[in-house]
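The values are calculated or read from the model by the stated rules, or taken from the named source; none is laboratory data. Bear in mind that the values here come from a model prediction, so they are computed numbers and not experimental data. All Cβ positions, glycine included, derive from the backbone under ideal geometry; neighbour counts span all protein chains shown.
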């Protein structure tokens with residue numbers, strides 16, 4: 001990209017273009033997932049509190065949301081800073097790989113969002129600060145040399161599903177529940193959601209590298225897709241997600257008092273059926289088709305953060 005094009009993305013010269021590049025830099029699917037997780041855990045905390053009123057929105061929900069968004073941008077931004085050459089092959093549309101952002105711009109964004117995440121979390125509560133700090137530490141270990149855990153398939157998957165599955169869900173619930181009820185007990189429903197997201201995120205973690213084999217192979221980033229092949233990872237991801245949905249359906253039949261059984265079973269049966277229907281049309285030789293299905297898996301992930309709080313509120 002020419003220097004002229006680069007200058008057009010300076011925020012004071014082309015704010016809309018710069019903001020669109022920043023949106024791509026933040027990896028929108030992760031931003032949506034983070035936003036929904038904050039809202040979902042807030043609503044679940046409300047469902048299990050004895051208070052009939054919600055927390056003051058500016059003081060709790062928005063502070064936690066912005067802190068988590070800043071942490072999200074720090075983690076995905078740091079990953080892009082360390083993967084510029086790989087992304088030129090696997091994800092050439094990303095701002096650092098395409099040249100829309102300079103390395104200096106990327107470093108400034110990562111530094112500012114990392115600091116903001118910790119400051120806002122400290123304002124929120126000790127639980128929010130602990131959750132954000134641990135997430136940033138794991139995200140840094142995932143991308144940054146010399147540790148760079150993303151080089152190892154097992155540890156890369158552990159990083160992703162531990163943050164998305166356990167740390168975020170438990171940390172956010174404790175934060176909101178402590179503010180609402182001054183109580184740190186974790187009900188069964190939250191453990192159920194945490195386990196679901198933990199296992200579901202494992203499927204995301206192993207599937208995400210299926211369309212990126214070329215760059216990963218060239219730069220010696222060993223993934224499950226390279227070790228076992230696309231078809232094996234594709235099928236494993238489908239069955240892992242199926243186990244998640246099957247567990248929720250079984251839980252519905254057990255009629256747990258904290259969760260609306262009818263809504264839980266119906267919503268998860270529909271989601272499971274749609275997933276298998278969509279999977280039949282995926283051509284594993286078509287990188288675009290694989291990437292599209294990966295985004296569909298993220299949509300299922302988003303949907304869970306809508307379905308489960310509703311099931312709790314309806315109970």
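Restricting attention to the stretch 82-92, the residues that are within 17 Å of residue 142 (Cα to Cα), in contact with a helix residue (DSSP H, G or I) (Cβ under 6 Å, 6 or more places away or on another chain) and in contact (Cβ under 8 Å) with a residue 40 or more places away in the chain add up to 3.
Per this entry, residue 245 is not counted among residues that are more than 17 Å from the chain's Cα centre (by Cα) and either closer than 20 Å to residue 79 by Cα or at pLDDT below 80 (or both). Residues of the stretch 285-315 that are without any contact (Cβ under 8 Å) to a residue 60 or more places away in the chain and not in a helix (DSSP H, G or I): 285, 286. Among the residues that make up the stretch 170-178, is at least one of them under 17 Å from the mean Cα position of the chain (by Cα) and closer than 30 Å to residue 288 by Cα? No, the stretch 170-178 contains no residue that is under 17 Å from the mean Cα position of the chain (by Cα) and closer than 30 Å to residue 288 by Cα.
Looking across 114, 124, 130, one residue alone is modelled with pLDDT under 95 and under 30 Å from residue 177 (Cα atoms). It is 124. Considering the stretch 97-204, the qualifying helices (runs of 4 or more DSSP H), each wholly inside and each with 1 or more residues that are closer than 30 Å to residue 247 by Cα and in the same structural domain as residue 20 (by TED's automatic domain parsing), run over 126-143, 153-161, 168-181. Of all residues in the stretch 7-61, those that are at pLDDT 90 or above and more than 23 Å from the chain's Cα centre (by Cα) total 1.
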